[in-house]
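The values are calculated or read from the model by the stated rules, or taken from the named source; none is laboratory data. Not measured: the values here are computed from a predicted model. Positions of Cβ are generated from backbone atoms using ideal geometry, with glycine treated the same way; all protein chains shown enter the neighbour counts. Accessible surface areas use protein heavy atoms only, side chains included; no ligands, DNA or RNA. Shrake-Rupley method; radii C 1.70, N 1.55, O 1.52, S 1.80 Å.
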Amino acid sequence: MNTQSTFEFRWLSPLGISVSLFLMQGVLTVFVAVLVLVINQRIMERRVDYADGGILLSGRMDSLFFGRDLRELIRSDPLLVQVDMYTMYVRAGLWLAFGIFQMALIWFGMRNGEEWAFWTVVLANVAALIGWLLVVIPFVQKGVLLGLDMPPIVFLLPIVVVPVASVLGWIGLP
Amino acid sequence: MTSQLMLEFRWLSPLGISVALFMIYGAFYVLIGALTPVMMNTQIGQQVTFSSSKKDSVLLGGPLTELLQTSPALAKIRRMLLNVIGGLLVAAGILVMTVTWFGLKQAQVWALVALALAGVVVLPFWWLVFRPFAEAGIAVGLDLPPFMLLPGILLAPATVFGWIGLR
């Protein structure tokens with residue numbers, strides 16, 4: 001791999017802003033994963049409150065999707081919460097790994113103008129968002145009005161950050 | 001970013017073996033992730049969510065296929081959450097493979113650290129997934145999901161070889 005020895009990174013540049021955005025996203029993703037590790041069990045025990053955050057997107061949207069109040073659904077089928085909790089640990093573990101890789105790629109790769117690092121971060125984010133898209137499509141098909149009450153860090157934030165940071169990174173890369 | 005050394009990379013070297021193992025690890029993630037949306041709706045896929053069909057049924061209180069039939073909400077939630085996981089696995093696989101190819105293969109220490117760290121930090125989460133089995137007196141053994149089992153087996157040797165190769 002050639003070192004671009006003449007490349008000078010500046011924070012106040014398109015690439016610099018892209019790096020900042022992706023870095024922030026990586027840090028927050030790690031934070032969310034650690035939060036899950038700490039509080040998920042406690043949330044699961046308080047099943048009524050669980051319905052506010054929802055299982056898929058949000059309590060409101062999930063209720064509309066299933067055609068009944070999520071609290072009622074959870075009361076009638078407690079297994080839903082159990083399955084969600086177990087898969088939440090899998091997701092959180094993967095978010096943590098994702099966040100670590102993203103931060104490493106940004107810091108050691110993108111900051112040095114490495115194109116492969118940039119495209120890796122973009123591609124990985126796109127792959128993760130496709131997973132979310134497969135969740136959202138059935139909601140849309142069912143006529144559920146999507147709102148901003150979606151998982152903020154692992155879904156809403158990438159929807160905003162990834163396109164912006166990708167364009168800026170593409171502009172700013174040598 | 002400078003290479004620590006002007007190394008001539010050789011596949012038949014500790015570093016080369018490390019790269020090969022991590023590449024398999026990453027490719028496996030991509031494969032499992034990409035197949036998840038397809039496989040989970042097959043007869044085989046509908047028998048398992050966490051461990052084996054038999055162990056899952058003990059934990060969940062019944063065979064998964066029956067539970068999915070009696071609870072459409074459970075079937076939908078399971079399908080959608082597995083789609084999210086599939087996307088994350090593909091993403092993780094891409095990350096592992098490119099960090100390995102462009103970083104570790106170029107003898108970048110940060111790449112090995114990132115690969116090892118990311119592989120280790122997920123372990124507490126996997127333990128939490130299977131803790132209920134242990135609490136219910138169910139020995140999971142090697143009935144782990146493939147995306148946990150194979151990377152779990154590869155991580156230690158890949159890291160050790162990488163460390164030896166980078167010294």
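Details
- Ligands, DNA and RNA left out, the 1.4 Å accessible surface of chain A is 68% carbon and sulfur atoms.
- In this assembly, the A-B interface accounts for approximately 4600 Å² of buried accessible surface in total, computed with a 1.4 Å probe and without ligands, DNA or RNA.
- Whole-Hz Karplus values for segment A:84-91 come out as 5, 4, 5, 6, 5, 5, 5, 4 Hz, taken residue by residue from phi with 6.51 cos²θ - 1.76 cosθ + 1.60 and θ = phi - 60°; glycine and proline positions read x.
- Rounded accessible area per residue of segment B:31-167, 1.4 Å, Å²: 43
- Segment B:93-103 - phi-based ³J(HN,Hα) in whole Hz, Karplus 6.51/-1.76/1.60, Gly and Pro as x: x, 4, 4, 4, 5, 6, 4, 5, 5, 8, x
- For the options B:Gly141, B:Gly61, B:Gly103, a Gaussian network treatment of chain B with springs between C-alpha atoms closer than 10 Å singles out B:Gly141 as fluctuating the most.
- Stokes-Einstein diffusion coefficient of the protein assembly as shown, Kirkwood radius over Cα pairs, 20 °C, 1.002 mPa s, in µm²/s: 102
- Hits among lysines - C-alpha to C-alpha of B:Lys55 under 26 Å, sequence gap 8 or more where chains match: B:Lys76
- Surface share of carbon and sulfur [accessible, 1.4 angstrom probe, percent] for chain B: 69
- Along chain A, longest interval not containing exposed trypsin sites (Lys or Arg not before Pro), exposed being DSSP loop plus at most 14 other Cβ atoms within 10 Å: A:69-141
- The stretch between B:Ala34 and B:Thr70, if pulled fully straight at 0.36 nm per residue, gains 10.2 nm over its current Cα-Cα span.
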